[in-house]
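What follows draws every value from the coordinates through simple rules; no lab data is involved. Bear in mind that the values here come from a model prediction, so they are computed numbers and not experimental data. Counting neighbours? That spans all protein chains shown, and the Cβs are built from the backbone with ideal geometry, glycine included.
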Amino acid sequence: MSVREHKAQGPVAVNCYILTVSDTRTPETDTSGRAIRALLQDAGHVITGHDIERDDPDRITARLRERLADESTHVLISTGGTGISPRDGTFEAVTALFEKRLDGFGELFRMISFEEIGSAAMLSRATAGTVGRKAIFALPGSEKAVRLAMTRLVLPELGHVVQQLLK
């Protein structure tokens, strides 16, 4: 079966949870989380929840485990905590949960980021993987980076990813 045929079999609307990881963002200042929500809704997807959690790996893991247990959620998307500063703990929290890694996501994200910001793209630890029949995408905290990842990578494949996981 071709990629086009696989994509055609994927759900049109995917149920997604959004987690903003930040020590400083509030609902009023969470531009990246709002951007993810708007992009998903504009594409016809459903938001099953949105939270802001401190950049602490244990708290991030606990929040993600809660949402992984929610049968109505198929995809979890986080923003923030994917850099290399001492406080950035999302990568460690998320990758510890993965059963399968989608290495191509991070590789492609850094490639398209390089086109926009140059060599600083190597500092991103954006990643994706699966846990059971659910996918997790960990995006940077920058709104511009979120929009890039969502429009170029996540949204074009969201239904296809879920279709593959539910086979």
- Query: If the cut-off is a Cα-Cα distance under 15 Å, which aspartates and glutamates reach LYS100, setting aside same-chain residues fewer than 8 apart in sequence?
  - Reply: GLU92
- Task: In whole angstrom, note down how far apart the Cα centers of segment 1-69 and segment 76-137 are.
- Result: 14 Å
- Note on the structure: Among GluC sites (Glu not before Pro) in segment 59-140, those in a DSSP loop whose Cβ has at most 15 other Cβ atoms within 10 Å are GLU71, GLU99
- Once you charge only the Cβ atoms, +1 for Lys and Arg and -1 for Asp and Glu, what is the size of the charge dipole of the chain about its Cα centre, to the nearest 20 debye? 360 debye
- Message: I need the phi-derived Karplus couplings for segment 151-167: 6.51 cos²θ - 1.76 cosθ + 1.60, θ = phi - 60°, integer Hz, Gly and Pro marked x.
- Response: 6, 8, 10, 5, 4, x, 10, 4, x, 5, 4, 5, 4, 5, 6, 8, 4
- How many percent of the alpha carbon pairs in segment 5-58 exceed a separation of 17 Å? 46 percent
- Here, segment 29-83 modelled as identical Cα point scatterers in vacuum has Debye log10 I(q)/I(0) at q = 0.30 Å⁻¹ of -1.34
- So what's Rg/Rh here for segment 18-165, counting alpha carbon atoms and using the Kirkwood radius for Rh? 0.92
- Task: Over the chain, calculate the relative contact order: mean separation of alpha carbon pairs under 8 Å at least 6 apart, over the residue count, as a percent.
- Result: 29 percent
- Message: Of all beta bridges DSSP finds with both residues in the chain, what is the antiparallel percent, to the nearest 5?
- Response: 30 percent
